[in-house]
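Quick note: the coordinates plus some simple rules give every number you see, no bench work behind them. Computed from a predicted model, the values in this text were never measured in an experiment. Note that each Cβ is placed from the backbone with ideal geometry, even for glycine, and that neighbours are counted across all protein chains shown.
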Amino acid sequence: MKIDSIKNGIVIDHIEAGLGMQLYKLLGLDDLDCSVAIIKNASSRKLGKKDIIKIDSDIPVSFDVIGFIDPGATVNIIKDGRLAEKLSIPMPERLINVVKCKNPRCITSTEQDIDHIFKLASQSQKLYRCIYCDAKL
Amino acid sequence: MRNLINIMDLSAEEIDELIKLANDIIKSPDRYNEACRHKILATLFFEPSTRTRLSFESAMLSLGGSVLGFSEANSSSAAKGESVADTIEVVSGYADIIAMRHPKEGAPIVASSHTSVPIINAGDGGHFHPTQTLTDLMTIYHEKGGFENLTIGLCGDLKFGRTVHSLIGAMSRYKGVKFVLISPEELKLPSFVKQEYIKDKGIEYSQCTSLEDVIGDLDILYMTRVQRERFFNEEDYLRLKDSYILTADKLKSAGESLSILHPLPRVNEISTEIDNDPRACYFRQAHFGRYIRMALIMKLLEVSA
């Protein structure tokens with residue numbers, strides 16, 4: 001399978017196989033006009049299988065979203081067809097307006113114009129809790 | 001400026017200070033009857049309450065202050081769809097301190113980010129109820145002389161019982177405490193409370209469904225009501241509401257030094273036949289609520305006698 005290399009843009013690599021689409025949706029890549037490629041189940045020496053997302057535009061992406069969905073993913077910044085920077089993304093301490101609290105008893109279910117905020121409760125368990133009601137994500 | 005949203009906002013030392021101040025208020029009430037002169041407490045109760053609201057109002061009036069507010073959402077602009085944020089912004093201009101109860105969890109956190117006056121969480125859904133916990137702690141202190149080396153049984157609705165969550169958090173800071181969690185399967189303690197306050201701290205605990213099996217091991221029995229208002233499904237409420245009823249017969253297996261606490265109101269989970277038993281502390285407990293809230297209001301308003 002051949003995907004054209006990009007000149008200026010971002011490659012999100014080493015995404016755990018199966019998480020690529022979720023990351024695509026949460027990053028809002030569906031709304032972009034530029035070329036975006038998702039490669040699913042690519043072979044990987046490190047992971048066995050992995051997903052990759054290539055974005056053919058120098059747009060800002062939310063590192064918090066990437067760190068939240070898969071802290072093992074790497075972000076490659078491509079400039080003039082070359083790798084300009086390679087970044088590992090840690091799990092963010094706080095997630096702001098990335099996902100919504102599902103607890104129907106939470107104040108976020110009724111209060112207008114409120115930020116939906118989750119805090120990292122356990123890095124080892126990849127556990128986030130709503131700062132308002134403490135519900136698990 | 002400080003708020004009280006979660007009992008864990010207060011250190012163990014600060015709780016000791018509040019209990020000390022409350023004891024002094026009981027001993028010399030006249031010294032404190034002008035402490036909050038010209039100060040106004042707003043009691044914003046978006047959810048009905050008798051005990052908590054009246055004890056806050058009694059506390060502020062006993063300190064020489066004034067009170068205003070509403071006792072249910074229908075009599076406030078919340079019924080017109082006003083947000084918590086807007087209500088608080090407005091009330092902040094009318095009061096020096098706000099005590100609020102709201103059915104939605106986390107509402108006091110939203111409130112505290114929209115005001116410069118202290119916010120006291122008087123109960124947010126099934127989440128936290130820190131001033132009840134202060135009342136519980138003051139009762140335990142009076143009954144047991146301290147907080148260490150106690151075996152505390154918590155019985156009934158441990159899932160939605162916000163007073164239970166706050167009390168476990170507060171007591172988890174003292175040495176030698178053990179918890180016995182007694183509830184039906186459907187009303188077990190939420191995992192976040194168990195993880196954060198019991199497991200992570202290496203505290204000894206056990207879980208069971210039978211009160212009779214464990215009542216003899218307890219220093220404190222904290223009874224709770226199965227709350228109709230926390231259920232989305234009436235059938236579930238009806239099935240679980242009579243899970244635990246403490247009777248004189250069940251109390252025969254308990255030790256003489258047991259202290260029975262209940263945040264009240266009770267429905268039928270404690271039989272009235274034991275009200276005169278010296279081990280029944282729940283009415284004394286309710287009375288302590290006024291004094292510990294007086295101490296809390298003074299602390300948050302930074303006033304002295």
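What to note about this one:
- Label-to-label distance, B:ARG228 versus B:HIS38, with points set 7 angstrom from Cα along the beta-carbon direction: 4.7 nm.
- Charged-residue dipole, Cβ positions (Lys, Arg, Asp, Glu), the protein assembly as shown about Cα centre, Debye nearest 20: 780 debye
- When you filter the GluC sites (Glu not before Pro) in region B:4-47 for DSSP loop state and at most 13 other Cβ atoms inside 10 Å of their Cβ, you are left with B:GLU34.
- Computed [θ] at 222 nm, helices only, for chain A once each DSSP H run of length n ≥ 4 contributes -39500 (n - 2.57): -2500 deg cm²/dmol
- Only Lys, Arg (+1) and Asp, Glu (-1) charged, at Cβ; region B:163-234 dipole about Cα centre in debye: 360 debye
- Over all Cα atoms in the protein assembly as shown, the spread is summed up by Rg and Dmax: 26.2, 86 Å.
- Mean Cβ neighbour count within 10 Å, used as a protection proxy, ranking B:252-258, B:167-173 highest first: B:167-173, B:252-258
- Percentage of interatomic Cα-Cα distances in chain B larger than 24 Å: 51 percent
- The mean count of C-beta atoms from other chains within 10 Å of the C-beta of residues in B:127-136, rounded to a whole number, is 1.
- Positive-end extreme of charge dipole, chain B - chosen from B:ILE215, B:GLN285, B:LEU251 (charges on Cβ): B:GLN285
- With all pairs of separate Cα atoms included, region B:128-245 yields a Kirkwood hydrodynamic radius of 14.5 Å.
- Taking Cα centre as origin and charging only the Cβ of basic (Lys, Arg, +1) and acidic (Asp, Glu, -1) residues, the dipole magnitude of region B:130-285 rounds to 480 debye.
- With R₀ set to 25 Å, the beta-carbon distance separating A:LYS7 from A:THR74 gives a calculated FRET efficiency near 0.80.
- Think of chain A as having a plus end and a minus end, set by charges on the Cβ of Lys, Arg, Asp and Glu; of A:LEU137, A:ILE114, A:GLY18, A:GLY18 sits farthest toward the positive end of this dipole.
- For region B:20-120, the percent of C-alpha pairs falling in each 10 Å distance bin, counted from 0 to the bin holding the largest distance, reads 15, 45, 29, 10, 1.
- Per residue convex hull volume, Cα atoms of region B:6-63, in Å³: 106 Å³
- Highest mean packing comes first when the peptides B:106-117, A:120-131, B:130-141 are listed by Cβ atoms within 10 Å, giving B:130-141, B:106-117, A:120-131.
- Square roots of five times the Cα gyration tensor eigenvalues for region B:213-265, Å: 26, 12, 8
- 17 Å cut-off, amide nitrogen to a point 7 angstrom out along B:ARG2 Cα→Cβ, residues in region B:283-298: B:292-298
- One way to sum up the overall shape of region B:232-305 is the equivalent ellipsoid from its Cα gyration tensor, whose semi-axes run 31, 21, 9 Å, largest first.
- Cα centroid separation - region A:65-137 against region B:1-34, whole Å: 38 Å
- Qualifying aspartates and glutamates (Cα of each under 15 Å from Cα of A:LYS7; at least 8 residues distant if same chain): A:ASP56, A:ASP58, A:ASP80, A:GLU85
- Convex hull projection area averaged over all views, chain A, Cα basis, nm²: 9.3 nm²
- Working note: 222 nm ellipticity from helices only, DSSP H runs with n ≥ 4, each -39,500 (n - 2.57), summed and divided by the residues of chain B, gives -10000 deg cm²/dmol to the nearest 500.
- Added length on full extension, which subtracts the Cα-Cα distance from 0.36 nm per residue, B:ASP16 to B:SER191: 60.2 nm
- Rounded to two decimals, the Cα radius of gyration of region A:9-88 over 2.2 N^0.38 Å is 1.00.
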